[in-house]
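One structure below.
The values are calculated or read from the model by the stated rules, or taken from the named source; none is laboratory data. These numbers come from a predicted model, not from an experiment. FYI the Cβ positions are ideal-geometry reconstructions off the backbone, even for glycines, and counts take in every protein chain you see.
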Amino acid sequence: MGAEKRYEEIMIGEKASVSKIITESDISGFANISGDYNPIHLNAEYASKTRFKKRIAHGMLTSSLISAVLGTQLPGENTLYLSQNVKFLAPAYIGDHLTATVEVKEKRDEKKIIILNTIVKNQLGNEILAGEAVVKKM
């Protein structure tokens, strides 16, 4: 896991990433945790009749990789997640290798607020989602 990084040590333009391969158990586990049992995620026959042609990962599962970066690397420990906006740009499938990257865009020193660009790409370099996070360094 990441080490403690003080607010003053974090620089605009700084980046960090985490990667993960999406598995069958990730999707079924996320469905159980979230209660989202939409058949597009869980039923291959149903999914084959959609525009995606096969099962897709939950959008919030893919976006949760951003939380992993924020909480463990940049800004790291003692970070309070205040908000996140996200645009889902493409589906993620079982077996996709996703990389979530955050980049420090702005800092607001008076309250130790950090604004970060957030992006998740698949193994082909295609953007799966993009957005912006606002966090507070405690």
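Kindly indicate the residue of region 72-85 that is in contact with a strand residue (DSSP E or B) (Cβ under 8 Å, 6 or more places away or on another chain) and crowded, with 19+ Cβ neighbours inside 10 Å and also farthest from Glu8 (Cα to Cα) among those meeting that condition.
Start the filter on region 72-85 by keeping residues that are in contact with a strand residue (DSSP E or B) (Cβ under 8 Å, 6 or more places away or on another chain), which leaves 72-75, 78-85.
Filter once more, so that each one left must be crowded, with 19+ Cβ neighbours inside 10 Å: 73-75, 79.
Details: Gln73: 15, Leu74: 13, Pro75: 11, Thr79: 13 Å.
Only one residue fits best here, namely Gln73.
In region 16-34, what residues are assigned to a helix (DSSP H, G or I), under 15 Å from the mean Cα position of the chain (by Cα) and not acidic (Asp, Glu)?
Within region 16-34, Ile27, Phe30 meet the criteria.
Farther than 19 Å from Lys5 by Cα and touching a helix residue (DSSP H, G or I) at 6+ places or on another chain (Cβ under 7 Å): is that true of Thr99 in this structure?
So Thr99 fails the test.
Would you be able to say whether some residue in region 61-71 is over 30 Å from Pro39 (Cα atoms), modelled with pLDDT of 95 or more and in contact with a strand residue (DSSP E or B) (Cβ under 8 Å, 6 or more places away or on another chain)?
The answer is yes, given that some residue of region 61-71 is over 30 Å from Pro39 (Cα atoms), modelled with pLDDT of 95 or more and in contact with a strand residue (DSSP E or B) (Cβ under 8 Å, 6 or more places away or on another chain).
Each row is one residue, and each column tells you yes or no for (1) loosely packed, with under 13 Cβ neighbours inside 10 Å; (2) under 17 Å from the mean Cα position of the chain (by Cα).
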site	(1), (2)
Arg6	yes, no
Asp36	no, no
Arg55	no, no
Ser64	no, yes
Ala68	no, yes
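Given the criteria closer than 21 Å to Tyr7 by Cα, at pLDDT 95 or above and β-branched (Val, Ile, Thr), does Val104 qualify?
Spelling it out, Val104 is indeed closer than 21 Å to Tyr7 by Cα, at pLDDT 95 or above and β-branched (Val, Ile, Thr).
Report, by residue number, each residue of region 92-115 that is more than 17 Å from Gly13 (Cα to Cα), within 13 Å of the chain's Cα centre (by Cα) and buried (at least 18 other Cβ atoms within 10 Å of the Cβ).
Matches in region 92-115: Ala92, Leu98.
Restricting the search to region 21-64, which residues are basic (Lys, Arg) and in contact (Cβ under 8 Å) with a residue 24 or more places away in the chain?
Within region 21-64, Lys54, Arg55 meet the criteria.
Taking Thr118 and the conditions (1) crowded, with 16+ Cβ neighbours inside 10 Å; (2) over 29 Å from Lys5 (Cα atoms), which numbered condition does it fall short on, given that it satisfies the others?
(2)
Any idea which residue in region 10-34 is farthest from Leu70 (Cα to Cα), counting only those that are buried (at least 17 other Cβ atoms within 10 Å of the Cβ) and of a type in the set (A, V, I, L, M)? Even if it seems obvious, please write down each step before you answer.
First pass over region 10-34, keeping only residues buried (at least 17 other Cβ atoms within 10 Å of the Cβ): 10, 16-18, 20, 22, 26-27, 30.
Subset that is of a type in the set (A, V, I, L, M): 10, 16, 18, 22, 27.
Numbers: Ile10: 12, Ala16: 9, Val18: 10, Ile22: 19, Ile27: 22 Å.
Among residues in region 10-34 that are buried (at least 17 other Cβ atoms within 10 Å of the Cβ) and of a type in the set (A, V, I, L, M), the one farthest from Leu70 (Cα to Cα) is Ile27.
Strands (runs of 3 or more DSSP E) wholly in region 88-138 with at least 3 residues that are under 26 Å from Glu77 (Cβ atoms) and among the charged types (D, E, K, R) - which ones?
97-108, 127-137
Quick check, is Ile40 of a type in the set (Val, Ile, Thr), at pLDDT 95 or above, surrounded by 13 or more Cβ atoms within 10 Å (Cβ to Cβ) and part of a helix (DSSP H, G or I)?
On the way: of a type in the set (Val, Ile, Thr): yes; at pLDDT 95 or above: yes; surrounded by 13 or more Cβ atoms within 10 Å (Cβ to Cβ): yes; part of a helix (DSSP H, G or I): yes.
Criteria met by Ile40.
Exactly one condition in (1) touching a residue at least 24 places away in the same chain (Cβ under 8 Å); (2) outside any strand (DSSP E or B) is not met by Ser67; state its number.
(1)
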